[in-house]
Amino acid sequence: MGEPHGSPTSPFLLRSSPNELLASRPAKPGSGHIALPHGSTEDRTHSDGGTVLERWLDSVVATPGLTALRDPVDARRVLLDDSLRGVPLVEREDGPIVDVGSGGGTPGIPLAASLPGREVTLLEAERRKCDFLERWTPELPNLRVVWGRAEEQPLETYGVAVAKALAHPPTAVEWCLPLVREGGVVVLWVGPSLDEERAATAASRIAGRLEPAPAGFLVVRKTGPTPPGFPRRPGVARKRPLA
Ligand SMILES: C[S@@+](CC[C@H](N)C(=O)[O-])C[C@H]1O[C@@H](n2cnc3c(N)ncnc32)[C@H](O)[C@@H]1O
């Protein structure tokens, strides 16, 4: 589980790209280009060669502080293939998508490349990571980046909130549900140690109900408006989880 470090006190939308990182090319690793399978959902090539997802994967692995994964095969499995498993769950829902705690862009960048007709917002508390994420917006026109904490965003804006490795499920549900409109869903990538009962209890406190989901996912439907008192102040959901 990741902790936000140096989180901003207010959200800051990175719409334009004035920073010098945009001008630079995504980093190339010294070895081991990560190849995508034939028939990948994403086939936009760049003058440098390679698809945007291939170059994104290479860059995530090569950029310090974005992932502990160094092996290209592991990186592809965890950051790309596992993200793409969520496409059917997201695709069937309406509305814009937000990836909460996107880190280096997982799962939001693979989702944006796979669903070019859907707006995908990468919400991330660390400015340094947002600078990295912003580098991919020229190539994925449906992608935007927001620097900020989930607890400080406008409420009920999105049709779908997704998150992978954001926090323990009760905390992640509490952060994500207020961002979603009534009728929308939260889709969490979860591990085998998921305590479904605790997640259901937390969801029920903030107008959420668990739905059947494939292994490795928690799906929570938003059944009503965000109750008064939510979202709680930054840090509280992690310190005093609802369940
Ligand atoms: C362990 S990382 C996971 C990153 C990515 N989703 C992945 O699977 O590789 C968790 C990320 O969530 C961000 N984060 C933590 N709490 C947050 C919050 N309340 N709002 C927005 N981002 C948050 C952290 O800065 C960190 O980048």
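The values are calculated or read from the model by the stated rules, or taken from the named source; none is laboratory data. What you are looking at is a predicted structure, and each value in this text was computed from that prediction instead of being measured. Glycine gets a Cβ as well: all are built from the backbone with ideal geometry, and neighbour counts include every protein chain shown. Accessible surface is based on the protein model in full, side chains and every heavy atom, while ligands, DNA and RNA are left aside. Shrake-Rupley method; radii C 1.70, N 1.55, O 1.52, S 1.80 Å.
Model label sites at Glu91 and Thr223, defined 7 Å from Cα along the beta-carbon direction, differ in position by 2.9 nm. Based on the reciprocal of the average 1/r between different C-alpha atoms, the Kirkwood radius for region 135-243 equals 14.2 Å. If you wrap region 185-243 in the convex hull of its Cα atoms and look at it from every side, the mean projected area works out to 4.2 nm².
Kirkwood Rh, Cα Rg: Rg to Rh for region 80-214? Provide the component values of the computation, followed by the final result.
On the way: Rg = 13.8 Å, Rh = 14.7 Å.
When Rh is taken as the Kirkwood radius, the ratio is 0.94.
Heavy atoms only, 1.4 Å probe, whole protein assembly: order Lys164, Lys222 by accessible area, highest first.
On the way: Lys164 30, Lys222 5 Å².
Result, largest first: Lys164, Lys222.
Loop-located trypsin sites (Lys or Arg not before Pro) in region 73-109 (DSSP state other than H, G, I, E, B) with a sparse environment of at most 11 neighbouring Cβ atoms within 10 Å: Arg92.
With every protein chain present, what is the per residue accessible area of region 106-232 (1.4 Å probe, Å²)?
Working: 4540 Å² over 127 residues.
Accessible area per residue: 36 Å².
Placing unit charges on the Cβ atoms of the charged side chains and taking the dipole of region 164-211 about its Cα centre, the candidate lying farthest along the positive direction among Val180, Ala165, Gly191 is Val180. Backbone amide hydrogens, once placed in the peptide plane, bring Val145 within less than 5 Å of Leu14, Leu122, excluding anything fewer than 5 places away on its chain. The phi torsions of region 189-201, fed into the Karplus equation with coefficients 6.51, -1.76 and 1.60 and a -60° offset, translate into couplings of 7, 10, x, x, 8, 3, 9, 5, 5, 5, 5, 5, 5 Hz, rounded to whole numbers, with Gly and Pro shown as x.
Between Asp71 and Lys239, what is the label-to-label distance in nm when each label sits 7 Å out along the Cα-to-Cβ direction? Once both label points are built, they end up 4.0 nm from each other. Separation of region 105-183 from region 62-95 is 14 Å, based on Cα centroids.
What shape does region 107-157 have by the C-alpha gyration tensor, where a ≥ b ≥ c are the square roots of the eigenvalues, rounded means a/c under 1.5, and otherwise prolate means a/b greater than b/c and oblate the rest? Kindly include the intermediate steps, with their values, before the conclusion.
Working: a/c = 2.39, a/b = 1.29, b/c = 1.85.
Oblate.
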